[in-house]
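One structure is given here, and the rest of the page talks about it.
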Amino acid sequence: MSKVIIELKNIKRNFLVGDEIVHALRGVSFEINEGEFVTIMGASGSGKSTMLNLLGCLDTPSDGEYLLDGHSVGKMDKNERSTIRNRKIGFVFQSYNLLAKTTALENVELPLVYNPAYNSKERRAKATKALDAVGLSDRLYHKSNQMSGGQMQRVAIARALVNDPVLILADEATGNLDSRTAFEILVLFQELHRLGRTIIFVTHNPEIADYSSRNIVLRDGKIIKDTVNTKIESAKAALDALPKQED
């Protein structure tokens with residue numbers, strides 16, 4: 001039986017906007033097991049961004065309980081949440097969030113700087129290995145302005161992997177990329193899934209669900225659909241089927 005990585009129990013999140021209370025999440029419950037590749041979808045205002053912030057320990061619920069790898073996030077103080085974010089979650093953002101004037105290697109090392117378990121030599125070795133895993137062993141010393149969008153996103157994925165997190169949390173990770181590059185990144189996510197990584201991919205693009213193992217859809221702060229994908233499409237096949245680019 002797979003280990004439960006994410007457990008949400010009747011999660012509610014309310015915001016006070018002026019004199020009005022906005023109910024962003026209205027009693028959401030689900031579990032995500034180790035090794036699942038889950039897409040979370042919904043239109044603007046569905047609660048998708050609020051869900052992302054809660055799952056990433058950037059926010060806490062107004063009511064209900066969130067367990068991440070068996071730890072109750074709502075019972076933690078700010079510093080404890082910061083630590084669990086760093087150790088348990090690897091983030092991949094639409095805008096990459098790389099430091100502009102530092103190399104790929106330095107960007108990937110960054111999460112390990114806050115982990116006292118690693119010295120500088122070990123940080124360098126782990127970062128090099130992570131970049132190799134995403135196909136960037138020849139770009140270790142390139143800076144952001146020397147790389148394409150796809151390469152920068154690969155750096156971001158390597159940074160997400162470097163701390164061996166229990167969860168990779170991707171926010172519109174293909175949103176800024178052209179079709180070919182987006183499928184190249186999806187190929188990489190499918191490979192990580194094949195290797196047993198747990199991935200949550202938050203997106204507005206319904207096509208992404210075809211390449212994941214499960215799809216959760218939000219509307220008005222509630223889950224309206226939670227389905228297992230019994231026929232996962234191959235991102236590699238889709239990439240190979242795209243017209244060849246002219247040089």
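Met51 fails exactly one of the following numbered conditions: (1) surrounded by 21 or more Cβ atoms within 10 Å (Cβ to Cβ); (2) more than 17 Å from the chain's Cα centre (by Cα). What is the number of that condition?
Condition not satisfied by Met51: (2).
Looking for something of a type in the set (Val, Ile, Thr) and in a helix (DSSP H, G or I) - is there at least one such residue anywhere in the range 87-102?
No; the residues of the range 87-102 include none that is of a type in the set (Val, Ile, Thr) and in a helix (DSSP H, G or I).
What residue, among those in the range 68-107 that are of a type outside the set (Phe, Trp, Tyr), within 16 Å of Pro165 (Cβ to Cβ) and touching a strand residue (DSSP E or B) at 6+ places or on another chain (Cβ under 7 Å), is surrounded by the fewest Cβ atoms within 10 Å (Cβ to Cβ)?
Per the criteria, the residue is Ile84.
Looking only at residues in the range 213-226 that are touching a helix residue (DSSP H, G or I) at 6+ places or on another chain (Cβ under 8 Å) and more than 10 Å from Gly42 (Cβ to Cβ), which one is surrounded by the fewest Cβ atoms within 10 Å (Cβ to Cβ)?
In this case the residue turns out to be Ser213.
Could you say whether any residue in the range 137-144 is surrounded by 13 or more Cβ atoms within 10 Å (Cβ to Cβ) and part of a helix (DSSP H, G or I)?
Yes, the range 137-144 contains at least one residue that is surrounded by 13 or more Cβ atoms within 10 Å (Cβ to Cβ) and part of a helix (DSSP H, G or I).
I'm told Thr198 meets every condition in (1) polar (S, T, N, Q); (2) touching a Leu at 6+ places or on another chain (Cβ under 6 Å); (3) surrounded by fewer than 23 Cβ atoms within 10 Å (Cβ to Cβ) except one. Can you identify the failing condition by its number?
Only one criterion in (1) polar (S, T, N, Q); (2) touching a Leu at 6+ places or on another chain (Cβ under 6 Å); (3) surrounded by fewer than 23 Cβ atoms within 10 Å (Cβ to Cβ) is unmet by Thr198, namely (3).
Examine the range 24-34 for a residue that is in contact (Cβ under 8 Å) with a residue 12 or more places away in the chain and not in a strand (DSSP E or B), and state whether such a residue exists. Please lay out each step first, then the result.
Quick first cut of the range 24-34, residues in contact (Cβ under 8 Å) with a residue 12 or more places away in the chain only: 24-34.
With not in a strand (DSSP E or B) added as a condition, the list becomes 34.
Yes - at least one qualifying residue is present in the range 24-34.
Is it the case that the range 84-99 has a residue that's of a type outside the set (Phe, Trp, Tyr), over 23 Å from Ala209 (Cβ atoms) and at pLDDT 95 or above?
no
State the number of residues belonging to the range 2-38 that are among the polar types (S, T, N, Q) and out of contact with any Asp or Glu (no Cβ under 9 Å at 6 or more places or on another chain). Walk me through it before giving the result.
Narrowing the range 2-38 to residues among the polar types (S, T, N, Q): 2, 10, 14, 29, 33.
With the extra rule that they be out of contact with any Asp or Glu (no Cβ under 9 Å at 6 or more places or on another chain), the set shrinks to 33.
Result for the range 2-38: 1.
The values are calculated or read from the model by the stated rules, or taken from the named source; none is laboratory data. Everything numeric in this text was worked out from a predicted model, so none of it was measured. All Cβ positions, even for glycine, are placed from backbone atoms using ideal geometry, and neighbour counts span all protein chains on display.
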